[in-house]
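**Student:** The structure's right below; bear with me while I get my questions together.
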Amino acid sequence: KRYWRVMSKIVEIAESILEPFLKERGFELYFAEYVKEGRDKVLRIVIDKEGGVDSDDCAEVSRHISSALDEIDPIPDAYLLEVSSPGIERELRKQQHFDRNLGKRVNAALFKAFEGRKSYEGMLVEKNDKELTINTDERVVKIPAELVSRVKLVFNFE
């Protein structure tokens, strides 16, 4: 439990440093996470803005967060800092991400099978605390929220 509290506190600190800086420049903090990947610890900052994010945007945000974190030094271990855009096939994490993408094609991966399947693809109809509703090509499926592992947009090449 202590480990998760430390991890979430680091994210909280990073978000508090970033929010005013990003808002001032027209960016959105899409999400932030501090995770262990193999032997590395990674502070991942994902940003977005109208018209998309480019490498200069990522570099600017990286410089800002890096110098601010160096100053207050809240992370006791060595870590990697990663700043990126959410990409075209972005993961939908927050309620606002779902609300913004209603009617778009998504792929939902599940923790365990629901009605014989571990993933569903189709148009996003609704997402709330209780369920994720997707209109597949065959039917409308209401998946219990606790079974949903990840939801990503599906880029359509048409």
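The values are calculated or read from the model by the stated rules, or taken from the named source; none is laboratory data. Just so it is clear, the model here is predicted, and its values are computed rather than measured. In this analysis, Cβ positions are derived from the backbone assuming ideal geometry, glycine residues included, and neighbour counts consider all displayed protein chains. Please note that ligands, DNA and RNA were not included when accessible areas were found on the heavy atoms of the full protein model with its side chains. Shrake-Rupley method; radii C 1.70, N 1.55, O 1.52, S 1.80 Å.
**Student:** In square angstrom, rounded to the nearest 10, how much accessible surface does Y79 have for a 1.4 Å probe?
**Tutor:** Accessible area of Y79: about 70 Å².
**Student:** Expressed as a rounded percentage, what relative contact order does the chain have, with Cα pairs under 8 Å and six or more residues apart?
**Tutor:** With pairs under 8 Å counted, the relative contact order is 17 percent.
**Student:** Could you pull out every one of the aspartates and glutamates with an alpha carbon less than 16 Å from that of K127, ignoring same-chain neighbours closer than 8 positions?
**Tutor:** Reachable aspartates and glutamates: E91, D99, E146.
**Student:** Between (1) 24.1, 73; (2) 21.6, 75; (3) 17.7, 55, which matches Rg and Dmax of the Cα atoms in Å calculated for the structure shown?
**Tutor:** Recomputing Rg and Dmax of the Cα atoms in Å here gives the entry labelled (3).
**Student:** Put F114, F98 in order of accessible area, largest first, 1.4 Å probe: what do you get?
**Tutor:** Of F114, F98, the descending order of accessible area is F114, F98.
**Student:** May I pose another question? So, taking all protein chains as they sit and a 1.4 Å probe, how much accessible area belongs to E89, in Å² rounded to tens?
**Tutor:** Only protein atoms counted, so the area is about 90 Å².
**Student:** Also, I was wondering about something else. Please work out the average accessible area per residue across the chain, using the 1.4 Å probe convention, and give it in Å².
**Tutor:** Accessible surface, normalised per residue, equals 62 Å².
**Student:** Based solely on C-alpha atoms, express the radius of gyration and the Dmax of the range 35-126 in angstrom.
**Tutor:** In Å, with Rg to one decimal and Dmax whole: 17.2, 52.
**Student:** Any idea how far the Cα center of the range 1-53 sits from the one of the range 103-158, in Å?
**Tutor:** With the range 1-53 and the range 103-158 each reduced to a Cα centre, they are spaced 26 Å.
**Student:** On C-alpha positions alone, give me the angle between the axis of helix 55-72 and the longest principal axis of the chain, in degrees, nearest 10.
**Tutor:** Tilt relative to the chain: about 50 degrees.
**Student:** Can you give the accessible area of M7 in Å² (nearest 10), computed on protein heavy atoms with a 1.4 Å probe?
**Tutor:** Rounded to the nearest 10, the figure is 10 Å².
**Student:** Write down the percent of antiparallel bridges among all DSSP beta bridges whose residues are both part of the chain, to the nearest 5.
**Tutor:** Of the beta bridges lying entirely in the chain, close to 85 percent run antiparallel.
**Student:** Could you look at the chain and say what percent of its accessible area is carbon and sulfur, using a 1.4 Å probe and all protein chains?
**Tutor:** Roughly 48 percent, rounded to a whole number.
**Student:** Which entries of K9/K104; K104/K130; K36/K104 have Cα-Cα distances beyond 27 Å here?
**Tutor:** Checking Cα-Cα distances, K9/K104; K36/K104 exceed 27 Å.
**Student:** Restricting attention to the range 118-158, which trypsin sites (Lys or Arg not before Pro) occupy a DSSP loop and are surrounded by at most 14 other Cβ atoms within 10 Å?
**Tutor:** Here the sparse-neighbourhood loop sites are K130, R139.
**Student:** Note the angle between two axes, namely the Cα long axis of helix 2-24 and the longest principal axis of the Cα atoms of the chain, as a number of degrees from 0 to 90, rounded to the nearest 10.
**Tutor:** 80
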